[in-house]
Amino acid sequence: MDGMNKKTDVILIGAGIMSATLGVLLKELAPGWTITVFERRSAAGEESSNEWNNAGTGHASLCELNYTTEKPDGTIDIGKAIKVNEEFQVSRQFWSYLVSRQLVRNPRDFIARVPHMSFVQGERDVAFLRKRHETMKENPLFADMAFSDDPGRLAEWIPLMMKERQVDGPIAATRVESGTDVNFGALTRLLFDHLTRHGVELHFNRQVEDLERAPDGGWRLKVKDLSSGAVETREARFVFIGAGGGSLHLLQKSGIPEGKGIGGFPVSGLFMVCRNPELVAQHHAKVYGKAKVGAPPMSVPHLDTRYIGGEKSLLFGPFAGFSPKFLKFGSMLDLLKSVKTHNLTTMVAAGINNMSLTGYLVGQVMLSKEQRLAELREFVPTARLEDWELIVAGQRVQIIKDTPQARGTLQFGTEVISAADGSIAALLGASPGASTAVSIMLEVIRRCFKDRLAEWEPKIREMIPSYGLSPAQKSRPAAPGAGGDGRNAGAYRCGPGRDGVTVPAKSASFRGGGGLSRAERSGFFIMPDAHLAWAYGMLGAPMMPSICRAVDRCIHETGDRRVSVCRLSAMTERTAGARSHPGKKAHKQAAKELAAFLRPLLANGR
């Protein structure tokens with residue numbers, strides 16, 4: 001190897017949302033550690049994290065029908081939906097911490113409030129959606145979900161989709177106002193801006209060619225400068241491989257036994273984009289439908305409002321496709337190079353088991369413009385080709401591995417692969433991916449820094465108030481009269497401000513009550529039937545983590561769910577009054593936000 005052998009504490013491979021998130025977490029937990037990042041592209045967030053390479057949905061199970069399944073007995077299983085929602089709330093807590101500490105100054109730079117909706121047609125799918133809604137609304141995480149099968153109401157919710165629609169059968173939708181559109185590309189760049197200001201080395205046009213164990217138990221990397229061709233070696237005590245589709249190749253080169261027997265199946269995607277202001281103004285929601293038979297979960301059709309570069313647009317898709325590349329800017333040999341002796345039988349089995357998926361992908365590749373327009377018109381009946389353009393989205397590499405059920409099983413999700421000694425970890429897979437980046441990176445920390453956890457936990461709780469609470473709460477016995485379906489789950493949701501960032505302090509999957517009767521619990525309140533709402537944030541939110549912990553403790557000890565926190569937008573120079581206190585404009589804004597927060601509570605009698 002050419003070049004000097006330089007050492008650092010941590011090396012992050014790939015400058016996407018995962019490495020950015022892990023980098024910020026580690027910099028907060030261990031400020032003195034040295035961190036180096038290598039990215040093969042010329043800027044951060046150029047691959048899967050880029051805003052044009054994904055739909056920007058803040059995946060919280062509010063609209064994604066594939067996160068809920070109908071069981072043989074006709075009931076709806078919402079277990080995965082709860083898990084994904086809880087993990088997204090963890091991300092929002094962390095983002096709120098970043099904003100409150102001015103590590104990220106303006107949340108509107110990366111997140112916006114956009115309602116999330118599910119939309120179905122036909123008797124069978126409408127019946128499913130109705131049952132899904134009835135099940136989910138009993139859980140506090142989804143209590144604000146509205147359902148309607150009235151075409152008139154739907155025309156109010158989604159006027160562009162209902163315009164000139166021939167309604168000749170059952171039709172229905174659900175709607176959650178507090179959904180989000182997240183610009184993960186912008187967020188990635190903001191996080192790396194913060195990291196570089198605090199001493200993190202970020203190197204672009206650098207490709208990690210190889211890696212091997214160093215004599216001290218760490219890792220030695222061969223890094224090539226793609227501009228000059230120069231090669232250098234770098235050593236680190238810990239390496240994270242967050243290179244998107246490129247992670248599998250590097251995991252294989254590491255040689256760790258945990259990476260054996262794993263393959264990858266690449267899936268590409270296309271979106272149709274509309275920038276016509278007249279049409280864009282008629283739609284404000286992320287509307288998800290049902291996937292076609294044989295389609296992979298990431299190909300669920302949806303019509304999305306997007307905010308990119310300060311401009312509003314509409315995206316429809318994705319249209320799936322197949323390319324042997326593992327990255328959008330990868331090589332046509334990526335798939336072939338990933339086949340090794342240790343995963344050959346797994347890959348062959350996956351090919352045999354997924355013939356229908358292969359056929360679906362081939363069919364998607366062969367679609368004409370007119371056929372894509374026909375699919376778009378299922379959502380927008382008045383759509384015209386001249387108003388929409390086709391863009392290429394990012395590549396996704398799905399995990400292939402043997403499971404107890406079958407060989408060569410295709411996994412639709414993400415998975416952390418780490419060495420037994422915690423010196424290296426890699427992230428494989430795709431959706432829900434970026435939305436749950438914080439939970440995934442906390443898993444990396446739990447696995448790879450076990451000896452530091454006790455020392456770091458207070459700081460982690462400061463950043464993420466719900467950290468460590470749910471497991472203990474899940475183990476608490478149900479209160480007298482509490483059913484086994486989680487309906488008495490204790491939870492509170494810190495109301496999202498106009499910026500879309502919320503600070504929910506805990507999840508909604510434990511059975512609350514704490515053994516206290518209603519009469520005993522009423523002693524905690526002068527008005528026992530009132531809902532306690534804590535409004536905070538006009539002068540900044542440095543105490544928000546403490547408030548969240550206090551509210552969570554109240555719920556934990558009393559079992560009463562009727563307590564929540566509404567985070568108000570911070571005062572700005574424009575809204576300030578006398579002596580640096582909130583002025584009339586700030587109070588008007590706070591009143592609007594508080595009214596929007598209280599309205600669903602009052603309507604639901606909670």
**Study point:** Whole-number percent relative contact order across the chain, with pairs defined as alpha carbons under 8 Å at least 6 apart
**Key:** 17
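Considering only protein heavy atoms, with the full assembly of protein chains and a 1.4 angstrom probe, order Arg213, Arg197, Arg561 by accessible area, largest first.
Numbers: Arg213 105, Arg197 140, Arg561 80 Å².
Largest to smallest exposure gives the sequence Arg197, Arg213, Arg561.
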**Study point:** Inter-site label distance for Gln102 and Met543 at 7 Å from Cα along Cβ, in nm
**Key:** 2.0
**Study point:** In Hz, Karplus ³J(HN,Hα) per residue of region 203-217 (6.51, -1.76, 1.60; θ = phi - 60°; x = Gly, Pro)
**Key:** 10, 9, 6, 10, 10, 7, 7, 7, 8, 8, 5, 8, x, 7, x
Point to revise | Value of relative contact order over region 105-183, rounded to a whole percent, pairs C-alpha under 8 Å and six or more apart | key: 53
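Send over a whole-number figure in Å² for the accessible area per residue of the chain, probe 1.4 Å.
Working: 25960 Å² over 606 residues.
So the chain comes to 43 Å² accessible per residue, rounded to a whole number.
To the nearest 20 debye, what is the magnitude of the charge dipole of region 1-69 about its Cα centre, counting +1 on the Cβ of each Lys and Arg and -1 on the Cβ of each Asp and Glu?
Details: 5 positive and 8 negative charges, 49 e Å.
About 240 debye.
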Point to revise | Alpha-carbon Rg/Rh ratio, for region 58-111, with Rh computed the Kirkwood way | key: 1.20
Practice item. Rank these residues by their accessible area, most exposed first, probe 1.4 Å: Lys286, Lys325, Lys337. Key: Lys337, Lys325, Lys286
Review point. Whole number please: convex hull volume per residue of the Cα set in region 324-422, in Å³?
Key: 171
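On the accessible surface of region 200-323, probed at 1.4 Å, how many percent belong to carbon and sulfur atoms? Could you put the intermediate results ahead of the total?
Working: 2300 of 4410 Å².
The computed percentage sits at 52.
For region 1-122, which whole percent of the accessible surface, found with a 1.4 angstrom probe, sits on carbon and sulfur atoms?
Heavy-atom surface of region 1-122 belonging to carbon and sulfur, 1.4 Å probe: 48 percent.
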Practice item. Pull up the DSSP beta bridges for the chain and report the antiparallel fraction as a percent, rounded to 5. Key: 70
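Assuming R0 = 22 Å, can you tell me the calculated FRET efficiency for the pair Val231 and Trp33, based on Cβ-Cβ distance, to the nearest 0.05? Let's see the in-between values first.
Working: r = 25 Å, r/R0 = 1.16.
It comes out at approximately 0.30.
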Review point. In square angstrom, rounded to the nearest 10, how much accessible surface does Lys592 have for a 1.4 Å probe?
Key: 140
**Study point:** Correct choice for mean projected area of the Cα convex hull in nm² that was computed from the model, options (i) 40.3; (ii) 46.5; (iii) 29.6
**Key:** (iii)
Review point. Quick one: ranking Asp9, Asp552 by accessible area, 1.4 Å probe, largest first, what do you get?
Key: Asp9, Asp552
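The values are calculated or read from the model by the stated rules, or taken from the named source; none is laboratory data. Note that the structure is a prediction, hence the values are computed from the model and not measured. Note: ideal-geometry Cβ built from the backbone for every residue, glycine included; neighbour counts use all protein chains shown. For the accessible areas, the whole protein counts, side chains as well, though only heavy atoms, and no ligand, DNA or RNA atoms are used. Shrake-Rupley method; radii C 1.70, N 1.55, O 1.52, S 1.80 Å.
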